[in-house]
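Here you go, one structure.
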Amino acid sequence: MKSGRLYNTVYFDNAATTWPKPAQVREAVSRALTIYGANPGRSGYQMSLSTSAKVYRCRELAAEFFNLADPSKVVFVQNCTMALNIVIKGLLRFGGRVVVSDLEHNAVMRPLYAISPKNPVFDVAAVYPGDIKRTLESFEKCIRPDTRAIVCLHASNVFGVRLPIREIGKLARKYGLAFVVDAAQSAGVAPIDMQADCIDYLCVPGHKGLYGPMGIGMLLCNSERVLPTIFEGGTGSFSTDLQQPADLPDRYESGTVNTPGILGLAAGIEFIKTRGINTIAREEMELTAYIYNQLAEMDRVSLYTPKPDLSWSVPVLSFNIKGKNSEEVAEALSKKGIAVRAGLHCAPAAHRKYGTLNTGTVRIAPSVFTTIKDARYLCSVIREIEKDN
Amino acid sequence: MSSLCFYVSSITNAMRGKEILEKNGIRAHISRLADENIKNGCGYCVFVYSDFDEAEEILRSSGIRIRGTKKMNDAE
């Protein structure tokens, strides 16, 4: 299947979730339901142990992919948002503040707001796309005596701007702060090395750049901290003890895990490894740059960043057509069989920064299945919409 | 042939222990915990059939918490 033609759709909404999924992911999900159908980690019969081995294999793959030494510190969660909630609420349970960027998604901002609606527990650092020095200075200025952590996204889900996480990680290390990275928009398209990047907690969705199914995410813990939990339950370990186990992954992994999601995710990670993350990033960026160049030639199209480039961004692009609402443009594209997302993308902070809070933007994100033909078609339809008064 | 069972708290620890042992050339297999002397309930065993001391050292140095051991003979 090339470029998701099933519904006659040219799919550019890969920043929301990648689609289609690779054949090996679909097959792995099917195997989870047919062959590896027992509950892992609860019983001793063969199917349960075989399923457990498959689940553990995914932990190994993820640990290797993000350079985390111990696979047992890969925690399976529902999604990236759940991972962020576990870490943010755990780190701030007994007080303190965090530094965030001015591009954050609500997956970071809403948990922070929930902790203290009246007295914000965060300080906001400005990101200067491509300017590491100024960005770092901005983060450093926000660090206060009661700062506990830096929590930031790796790449903006709206404008594609990539943050210099290695340098920010070193800054966090210098001040003894925990470093939490929201890799929702970067995992699978931008290399992440938890050791070199000094990341304590990496929050990852399974269904975006890693090509797994929806409903699976990961929290990778590169820290000896034992954070307070936000939910508790059965883990198949220490069962007579009412206290939640301290051991990972059990501490944050109560209840039956999402085996179809995990096996699908493992196949997705293998898919990325086989293709090569740098190859994927280069190819997707070539398409994004092509689209950018085409849009830049259209008089009524507004673009918000310089031409995307792997040195400072990931392959995500936002635009508007002057005189048209972003949702109206997305609807017009939909009528021509093109899938994009318009509006605020759950990231009002990023839109505020770029002056698009009132209008939203139309977002374009390719995947490994997007072709130059798809990009040409997209641009031709945008040109039609732009000329249509 | 005798074997040694290492009791660990969870399937993840058991899987990790098995992988590490096998990477070090020590054959291992996993089964469900069945020892009333191990407190807290639930858990798994990692069985090895040789190199008992080395296996224990490898597991401990890898940070795998061993909750107990039991030596078993063929007849058991």
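Run down A:Ile262, A:Ile277, A:Ile269, A:Ile216 and say which single residue is in contact with a Cys (Cβ under 6 Å, 6 or more places away or on another chain) and among the β-branched types (Val, Ile, Thr).
So the residue among A:Ile262, A:Ile277, A:Ile269, A:Ile216 that is in contact with a Cys (Cβ under 6 Å, 6 or more places away or on another chain) and among the β-branched types (Val, Ile, Thr) is A:Ile262.
Can you find, within region B:8-29, the residue that is nearest to the other protein chains (Cβ to nearest Cβ) among those that are open to solvent by 20 Å² or more (accessible area, probe 1.4 Å) and aliphatic (A, V, I, L, M)?
B:Ile11
Report the residue count in region A:122-163 for those that are among the charged types (D, E, K, R), assigned to a helix (DSSP H, G or I) and in contact with a Leu (Cβ under 8 Å, 6 or more places away or on another chain).
So the count comes out to 1.
Same structure, new question: Looking only at region A:3-55, count how many residues are polar (S, T, N, Q), modelled with pLDDT of 95 or more and closer than 30 Å to A:Lys373 by Cα.
4
Among the residues of region B:57-69, what is the count of those that are open to solvent by 50 Å² or more (accessible area, probe 1.4 Å) and in a helix (DSSP H, G or I)?
Looking only at that region, the number is 3.
Still on this model: Conditions: (1) part of a helix (DSSP H, G or I); (2) more than 10 Å from every other protein chain (Cβ to nearest Cβ). A:Asn119 meets all but one. Number of the miss?
(1)
Which count do you get for residues in region A:235-252 that are open to solvent by 20 Å² or more (accessible area, probe 1.4 Å) and within 9 Å of chain B (Cβ to nearest Cβ)?
Number satisfying all stated conditions: 6.
Checking A:Val99 against (1) within 14 Å of another protein chain (Cβ to nearest Cβ); (2) crowded, with 24+ Cβ neighbours inside 10 Å, which test does it fail?
Result: A:Val99 fails condition (1) only.
Within region A:81-96, which residues are within 24 Å of A:Lys141 (Cβ to Cβ) and surrounded by fewer than 22 Cβ atoms within 10 Å (Cβ to Cβ)?
The answer is A:Gly95, A:Gly96.
Let me ask another. Just checking, does region A:337-357 include any residue being outside the structural domain of A:Ala187 (by TED's automatic domain parsing), β-branched (Val, Ile, Thr), under 19 Å from the mean Cα position of the chain (by Cα) and open to solvent by 20 Å² or more (accessible area, probe 1.4 Å)?
There is at least one residue in region A:337-357 that is outside the structural domain of A:Ala187 (by TED's automatic domain parsing), β-branched (Val, Ile, Thr), under 19 Å from the mean Cα position of the chain (by Cα) and open to solvent by 20 Å² or more (accessible area, probe 1.4 Å).
If I go through region A:41-93 residue by residue, how many of them are assigned to a loop (DSSP other than H, G, I, E, B) and either facing another protein chain (nearest Cβ under 10 Å) or closer than 16 Å to B:Ile20 by Cα (or both)?
Counting residues in region A:41-93 that are assigned to a loop (DSSP other than H, G, I, E, B) and either facing another protein chain (nearest Cβ under 10 Å) or closer than 16 Å to B:Ile20 by Cα (or both) gives 8.
Which residue pairs have Cβ atoms closer than 6 Å, lie 6 or more positions apart in sequence or on different chains, and pair a first residue in region A:237-249 that is touching a residue at least 24 places away in the same chain (Cβ under 8 Å) and hydrophobic (A, V, I, L, M, F, W, C) with a second residue that is surrounded by 13 or more Cβ atoms within 10 Å (Cβ to Cβ) and in a loop (DSSP other than H, G, I, E, B)?
Within 6 Å, no pair qualifies.
Sort out which residues of region A:130-150 are in contact with a Pro (Cβ under 9 Å, 6 or more places away or on another chain) and crowded, with 20+ Cβ neighbours inside 10 Å, and write them in order of number.
A:Thr135
If you scan region A:16-40, which residues turn out to be part of a helix (DSSP H, G or I) and either open to solvent by 30 Å² or more (accessible area, probe 1.4 Å) or within 14 Å of another protein chain (Cβ to nearest Cβ) (or both)?
Matches in region A:16-40: A:Ala23, A:Gln24, A:Arg26, A:Glu27, A:Val29, A:Ser30, A:Arg31, A:Leu33, A:Thr34.
Within region A:152-171, how many residues are surrounded by fewer than 24 Cβ atoms within 10 Å (Cβ to Cβ) and among the hydrophobic types (A, V, I, L, M, F, W, C)?
Residues meeting the conditions: 1.
Continuing with this model, one more query. So which of B:Cys5, B:Cys42 is modelled with pLDDT of 90 or more, open to solvent by less than 50 Å² (accessible area, probe 1.4 Å) and touching a Lys or Arg at 6+ places or on another chain (Cβ under 9 Å)?
B:Cys5
Among the residues of region A:87-100, is any over 30 Å from A:Pro348 (Cα atoms) and out of contact with any Phe, Trp or Tyr (no Cβ under 7 Å at 6 or more places or on another chain)?
No: zero hits.
The values are calculated or read from the model by the stated rules, or taken from the named source; none is laboratory data. Predicted model, so just to flag it, every value in this text is computed and none were measured. Glycine gets a Cβ as well: all are built from the backbone with ideal geometry, and neighbour counts include every protein chain shown. To get the accessible areas, we keep the full protein, side chains included, count just its heavy atoms, and leave off ligands, DNA and RNA. Shrake-Rupley method; radii C 1.70, N 1.55, O 1.52, S 1.80 Å.
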